[in-house]
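Undergrad: Attaching a single structure in C-alpha cells format; questions to follow.
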Amino acid sequence: MANAVVENDKEQELKKLHKMRLIRSLLPIVGLILVFLLFNFLTNGRIIKHLPLALSTVYVTMIASMGVFFIMTMGGLDFSQGSILGLSAIVCCTLSHYSIPLAICGGILTGAAIGAINGYFYVNRKIKSFIVTICTMFLFRGLIKFLTTNSPVAGSAELLEIDSTAFKVTCTVVVVGIGFVCFSYTKFGTYLKAIGAGEKAAMFAGISTDRMKFWVYVLSGAITGFAAFISAIKVGSVTSSGGNQLETQILIALVLGGMPISGGAMARFYNVIVGSLLYVILSSGLTMIGFTTQMMQLIQGVVFLVFVAIFADRKAIHVIK
Amino acid sequence: MDEVRLQVSHMIKNFGITKALKDVSFNINKGEVHALIGENGSGKSTLTNMLCGIYPIDSGTFTLDGVEIHPKNQVDANNHGVSIIVQELGTLSGLTVAENIFLGHEERFITAGFRNTNAMNAEANRLLKEYGFDRIKASSLVDDYNFEDRKLIEIVKATYFKPKIVVIDETTTALSQEGREELYKHMDRIRAEGNTVIFISHDLPEVLAKSDTITVLRDGEYITTVKSADITEDDLKKLMVGREVTGNYYRADYGEEVSQEVVLKVKNVTVPGKIEDVSFELHKGEILGFGGLSESGMHEVGKAIFGASYGRQGQVELADGTQINDIQTAIRHSIAYTSKDRDNESVVINQSIGDNIALPSLSHLTYGKSMFLDWSKVRTFADKFAKEMSVKMVNTEQFVSELSGGNKQKVVLARWIGRGSDIVVLDSPTRGIDIKVKQDIYQLMDRMRKEGKSIIMISEELMELIGMCDRIIILKDGKLNGEISRSQEVNENSLISMMV
C-alpha cells in the first residue's frame, strides 16, 4: 500500500520532469514557427517569396554560432568573433588573388591563431574569458581599421564567382553536420557539458580541462575563419566594419535558440540551428517591414534582454568564466 | 518544570515536488542542548535554515518565547535572538575578522555615516580574548587563518550577542578534536547562561554525550523527542532508519594476513606547503588508512597519488613501474579518487547522474572501436551501476544537484566501480553521510578488499579508521608520524597521541 503510493509519486515526478524539459526544448522551435508566420503576415508573404534573400546572412551566422556554442557550453564567452571574421576575411581576400584553396586555409588559420591568443590568456594567464575576448575584439578591430585605411580589401574575381546559394547551403550543412555529430555522438560534447557544469569535478573525472578549453577556443576561431570565407565570396571585399557586431548577433541567436547563457548540461545542438534561423528571420523581417538599422539594434537589444531575463538559470549564472 | 523556548508548530516546506518537511511540531526548552538527528534528507537543516531566515517558511509557525517570528534573513534572525554556525565556511574572504564578526550589525560603530574601525577592532579583540582565542587578531583578514580558526571566528560571530538560540549545523565534522573541544566548551557555556543550543550531528556518540534532549526526524516527519539519558545508540539508529540496523557496522575480521604484493609505491613525495617527504607502500587487497588533524596534509596525500597536486616532487609508481604524474594517467591505470570536497571536486553537480557515472568510461562505450558514442550502451552502463550502488533517484536523467550527500557519494563510487578501478583513494568517504549509507559504503569497501582491490581511506573520523583499516598511517605537520596495524587493542587515544 505505502509502496504503491511512493511508486505513484515517483511516476508523477518523472512525468512532470519530462514535461518541463519538453516545454523548454519546444519553446524555441515554436517561437521560430510563430515568428516566421508573423512576419509573412506582416510583409504579405514577401519573406517566403524572397526566402534565399532573407536567409542570405544565415550561413555566416550559423557557422560562426556553432563555434561560440561550443565555448558557451563549457561556460565561457567569446566577444571577439566579429573581429575574427573581419581579419580572416581580409586574409582570405588578399590570398584569393593567388589561389582559392590557399585563401580558405589562410582564413581558417587566421581565425585559429586569434582563437589561440584568446585561449592562451584565458587558460594560461587565467583571465576571465569575456575580459580576454573583449580585449582581442578591440585589438583586432583596430588592426582591421588600419588595414582598410585607404581602401577596402578586395577579393579576386574568382572568389566572387564561387558564390551561389547551393554552394553556401552545402558548406553550411557539411560544417554544421560535422559539428552536430561531434557534439552529440562523441565524448567531445559530454566533456564540454561537464566542464560547463562543474569544471573542477570534470578535471577529477579525468578530463584535461585546460587543454580542452584552449583547443575549443582555437576550434571556434577556425570555424569563424571558415565563415569568413563564406562571407568573403558573398561580399567580395572587406571594409573597416567587416564582421562588426557579429559577436552580439551570435549571442542573441544562441539565446533565442534556447541556449542557457551559463552553458552546462542543458545545452543542445539545435540551439545553434533554431537560434540562427530565428535571429535571421527576425532581422530580415524587421528590415522588410521598413525599420531602420538604428531602430533594429534597439529592438534586438530589447528582445535579447527579455530572453535572458526569462531563461537565465539564476542559480548557475555566477559560473560564467 | 522546563520552560519552553521555541515552539515549532505545523511546519511544512516543499522544494518543487520534494516534500522536505511534512507538518512538523515539537518544543525546545530553555537551557538545554537539543540535538536534531535523522538521516540525510530527513529535514534537519531545512528546519533550522527556516528558523534562521535562510529559507522562507511555506506554512507553520515558530514561536520564540511566546512571540511568533518570521525571520526574513540571517540578520533579522539575529535580531530575534537566533543565530547559526553552518557546516561549510561561514566567513567571508576579503573581510577582516572584526568585519566578519559584526557583519550586518555595524550600526553600533557608525557615527554620522562613518564607521569607527578602531572601536570595532577593539571590541572584536576584547571578545576574542574573552573566548580565549587570543591568537586571532581582529584587524587581520580572515584569509590569513585556516579552516579551523575560521570556525572559531564563527563561534564568536554567532554567540557574542548572547542569542536565545544558537544552531550548530554539522559543524563538528569539519573540526579536529581540539576544535571540537573548543566548541563543546561554548555549548556548555550557552546552556549555563540559560540559552538554547540546537545541535545537528551525524555522530551519535557525540550527540548522546553532549545533548540533553534529542529529537528524531525521518523523511521530513517528526518521529519523537527523547531525553539523552534514557536512550542508547542502537535505539537511536532504529528510530532514525525506521527499522533494526543489523549486521556489523565495520569489518568484523581481525588477524587476516594482507598480501605481500605491492601495487603502489609512493617515494619521497613532497608537495610544497602541504606534505613533506612522504613514502609508503600499498598492498593488494589492503585498506590503508590515513589519519591526522585536518591541516596535517593527509588530504593532500590522496591528491598526490591521483596526480592532482600542484608542484609535486617525488615519485608515485605502480607495480609495473608506471609513473603517475597526472590525472589522466592515473585513471588509465585504474586509480580512482573521491575528494573530500564532494560538490566541487567529485560530482559534476549540474549534470545528470548518468553522465556523471559514465564520464571516465566514455571511451569504452562507443560503437566497436570507433570514436562514436553508443548512447544505449551509455544508458545501460549508468543504469547498471546506479542500481548496483542503489542510488536513490527518479532515473539517471535526474541532476546530481537534487541528490542528498550520501547519494552523491554513491554516484561517485558507481562511477569508479564502473571504470573497474583497482586502487581506490577515498578522502572522507562518509563525511556528512547518514548511518544507512555509511554502512553501505563500509560493506562495499569490505567487498572490494576481498575482490583484491586496494583502498586508501583518508578520514577525520578515527573510529572508522580503526574499524576498517588494515594499517593506519598518522600524519602530523605534513610528515609521517607513526603507523599502527589492525588489532582490537587500538583505540582512539592511541591515534590521538600521534596526531597532536
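Undergrad: Would you calculate, for chain B, the mean residue ellipticity at 222 nm contributed by helices, counting each DSSP H stretch of 4 or more residues as -39,500 (n - 2.57) and dividing by all residues, to the nearest 500? Let's see the in-between values first.
TA: Details: 16 runs with 160 residues, N = 500.
The per-residue figure over chain B is -9500 deg cm²/dmol.
Undergrad: So what is the calculated 222 nm ellipticity per residue for chain A, using -39500 (n - 2.57) for each DSSP H run with n of 4 or more, over all residues, to the nearest 500 deg cm²/dmol?
TA: Working: 15 runs with 240 residues, N = 321.
Computed ellipticity for chain A at 222 nm equals -25000 deg cm²/dmol.
Undergrad: Please report the antiparallel percentage of the DSSP beta bridges confined to the range B:4-241, to the nearest 5.
TA: Details: 25 of 42 bridges.
Percentage antiparallel, nearest 5: 60.
Undergrad: Treating only the Cβ of Lys, Arg, Asp and Glu as charged (+1, +1, -1, -1), what charge dipole size does the protein assembly as shown show about its Cα centre? Round to the nearest 20 debye. Working shown, then result.
TA: Working: 83 positive and 86 negative charges, 613 e Å.
I would put it at about 2940 debye.
Undergrad: Rounded to the nearest 0.05, what FRET efficiency do B:ASP203 and A:MET20 give with R0 = 30 Å and r taken as the Cβ-Cβ distance? Could you check? Present the calculation step by step, with values, prior to reporting the outcome.
TA: Details: r = 39 Å, r/R0 = 1.29.
Once the sixth-power term is evaluated, E becomes 0.20.
Undergrad: Treating only the Cβ of Lys, Arg, Asp and Glu as charged (+1, +1, -1, -1), what charge dipole size does the range B:4-241 show about its Cα centre? Round to the nearest 20 debye. All intermediate terms of the calculation are to be shown ahead of the outcome.
TA: Working: 27 positive and 35 negative charges, 96 e Å.
The dipole of the range B:4-241 has a size of about 460 debye.
Undergrad: Kindly flag which residue pairs out of B:LYS44/B:LYS392; B:LYS129/B:LYS157; B:LYS22/B:LYS210; B:LYS72/B:LYS157; A:LYS16/B:LYS384; B:LYS274/B:LYS408 have an alpha-carbon separation exceeding 21 Å in this structure.
TA: Numbers: B:LYS44/B:LYS392 19 Å; B:LYS129/B:LYS157 13 Å; B:LYS22/B:LYS210 28 Å; B:LYS72/B:LYS157 19 Å; A:LYS16/B:LYS384 24 Å; B:LYS274/B:LYS408 28 Å.
Table pairs above 21 Å Cα-Cα are B:LYS22/B:LYS210; A:LYS16/B:LYS384; B:LYS274/B:LYS408.
Undergrad: Quick one: of the DSSP bridges fully inside chain B, what percent are antiparallel, nearest 5? Spell out each step's value before the answer.
TA: Values: 44 of 78 bridges.
Of those bridges, close to 55 percent are antiparallel.
Undergrad: Quick one: check the C-alpha center-to-center distance for the range B:259-295 versus the range B:131-199, whole angstrom.
TA: If you average the Cα positions of each part, the centres end up 33 Å apart.
Undergrad: Further, regarding this structure: For a Förster distance of 56 Å, can you work out the FRET efficiency between the beta-carbons of B:LEU89 and A:GLU161, rounded to the nearest 0.05? Walk me through the numbers on the way to the answer.
TA: Working: r = 65 Å, r/R0 = 1.16.
Efficiency at R0 = 56 Å is approximately 0.30.
Undergrad: Fewest to most neighbouring Cβ within 10 Å: what's the order for A:VAL272, B:VAL391? Can you show the working numbers first?
TA: On the way: A:VAL272 29, B:VAL391 23.
The fewest-first ordering by Cβ neighbours comes to B:VAL391, A:VAL272.
Undergrad: Positive end of the charge dipole of chain A (Lys, Arg +1 and Asp, Glu -1 on Cβ, about the Cα centre): tell me which of A:TYR122, A:LEU139, A:ILE273 has its Cα farthest that way.
TA: The Cα lying farthest towards the positive end belongs to A:TYR122.
Undergrad: List the lysines whose Cα lies under 20 Å from the Cα of B:LYS267, skipping any in the same chain that are fewer than 8 positions away.
TA: B:LYS284, B:LYS303, B:LYS476, B:LYS479
Undergrad: Within 10 Å of each Cβ of B:358-365, how many other protein chain Cβ atoms are there on average? Spell out each step's value before the answer.
TA: Details: counts 3, 10, 4, 3, 9, 2, 0, 1.
What the average comes to for B:358-365 is 4.
Undergrad: Could I ask something else about it? Enumerate the lysines that A:LYS126 could reach by cross-link, defined here as Cα to Cα under 19 Å, with residues fewer than 8 away along the same chain left out.
TA: A:LYS200, A:LYS213, A:LYS321
Undergrad: To the nearest 0.05, what FRET efficiency results for A:LEU38 and B:SER9 with a Förster distance of 41 Å applied to their C-beta separation?
TA: Numbers: r = 54 Å, r/R0 = 1.32.
Once rounded, the FRET efficiency stands at 0.15.
Undergrad: Something else: Residue-wise, which Karplus ³J(HN,Hα) couplings in Hz belong to the range B:435-451, taking 6.51 cos²θ - 1.76 cosθ + 1.60, θ = phi - 60°, and x for glycine or proline?
TA: So the J values, rounded to whole Hz, are 4, 5, 5, 4, 4, 4, 5, 4, 5, 4, 4, 5, 4, 4, 4, 5, 7.
Undergrad: Please list, ordered by chain and number, the residues whose modelled amide H lies under 5 Å from the amide H of B:VAL167; skip anything fewer than 5 residues away on the same chain.
TA: B:SER83, B:ILE84, B:ILE85, B:ILE198
Undergrad: Enumerate the amide H contacts of B:ARG5 below 5 Å, restricted to partners 5 or more residues apart or on another chain; note that Pro and chain-start residues carry no placed amide H.
TA: Close amide H contacts, sequence-distant or interchain: B:ILE28, B:ASN29, B:LYS30.
Undergrad: If you rank B:LEU444, B:LEU141, A:LEU251 by fewest surrounding Cβ atoms within 10 Å, what's the result?
TA: By the 10 Å Cβ count, ascending, the order reads B:LEU141, B:LEU444, A:LEU251.
Undergrad: What ranking do B:SER370, A:SER208 get, fewest neighbouring Cβ atoms within 10 angstrom at the top? Intermediate results must be reported in sequence, preceding the final value.
TA: Working: B:SER370 10, A:SER208 15.
Ranked by crowding around the Cβ, least crowded first: B:SER370, A:SER208.
Undergrad: Magnitude of the Cβ-charge dipole of chain A, K/R +1 and D/E -1, about the Cα centre, nearest 20 debye?
TA: Details: 24 positive and 12 negative charges, 123 e Å.
Result for chain A is approximately 600 debye, rounded to the nearest 20.
Undergrad: Along the range B:357-368, what does the Karplus equation 6.51 cos²θ - 1.76 cosθ + 1.60 (θ = phi - 60°) give for ³J(HN,Hα), rounded to whole Hz, x for Gly and Pro?
TA: 6, 7, 3, x, 9, 3, 4, 9, 10, 10, 6, x
Undergrad: What whole-number volume per residue, in cubic angstrom, does the convex hull of the C-alpha atoms of the range B:262-499 give? Before the final figure, lay out each step's value.
TA: Details: hull volume 29.3 nm³, N = 238.
With only Cα atoms used, the range B:262-499 gives 123 Å³ per residue.
Undergrad: Hey, how much of the P(r) for chain B falls beyond 43 Å, as a percent of Cα pairs? Let's see the in-between values first.
TA: Values: 25212 of 124750 pairs.
Roughly 20 percent, once rounded to a whole number.
Undergrad: Something else: Per residue of A:203-215, how many C-beta atoms from partner chains lie within 10 Å of its own C-beta, taken as a mean?
TA: Details: counts 4, 17, 19, 17, 7, 3, 1, 0, 1, 0, 0, 0, 0.
What the average comes to for A:203-215 is 5.
Undergrad: Also, I was wondering about something else. How long are the semi-axes of the equivalent ellipsoid of the protein assembly as shown, defined as square roots of 5 times the Cα gyration tensor eigenvalues? Whole Å, largest first.
TA: Details: eigenvalues 571, 217, 148 Å².
Semi-axes (√(5λ), whole Å): 53, 33, 27.
Undergrad: Percentage of Cα-Cα pair distances in chain A greater than 32 Å, rounded to whole percent? Provide the component values of the computation, followed by the final result.
TA: Values: 15474 of 51360 pairs.
Here the long-distance tail beyond 32 Å is 30 percent of all Cα pairs in chain A.
Undergrad: Ok, one more. What base-10 log of the normalised intensity I(q)/I(0) is obtained for the range B:4-241 from the Debye formula, alpha carbons as equal point scatterers, at q = 0.12, 0.15, 0.16, 0.18 Å⁻¹?
TA: -0.68, -1.03, -1.15, -1.39
Undergrad: Something else now. Could you check the spin-label model distance between B:HIS105 and A:ILE29? Points 7 Å from the Cα along Cα→Cβ, value in nm.
TA: Here the modelled spin labels are 5.7 nm apart.
Undergrad: Output the antiparallel fraction of DSSP beta bridges having both residues in the protein assembly as shown, as a percent to the nearest 5.
TA: Details: 46 of 80 bridges.
If we restrict to bridges inside the protein assembly as shown, about 60 percent are antiparallel.
Undergrad: Residue by residue through B:392-403, how many Cβ atoms from other chains fall within 10 Å of the Cβ on average? Write out the running numbers ahead of the final one.
TA: On the way: counts 0, 1, 7, 5, 0, 4, 3, 5, 4, 4, 1, 0.
The per-residue average across the peptide is 3.
Undergrad: Lys/Arg Cβ at +1, Asp/Glu Cβ at -1, dipole of the protein assembly as shown taken about the Cα centre: which of B:ILE198, A:CYS93, B:GLY289 is farthest positive-ward?
TA: A:CYS93
Read-outs: derived from the displayed coordinates by stated rules, not from any lab. Note that the structure is a prediction, hence the values are computed from the model and not measured. So basically every Cβ, Gly included, is an ideal-geometry build from the backbone, and we count neighbours across all protein chains shown.
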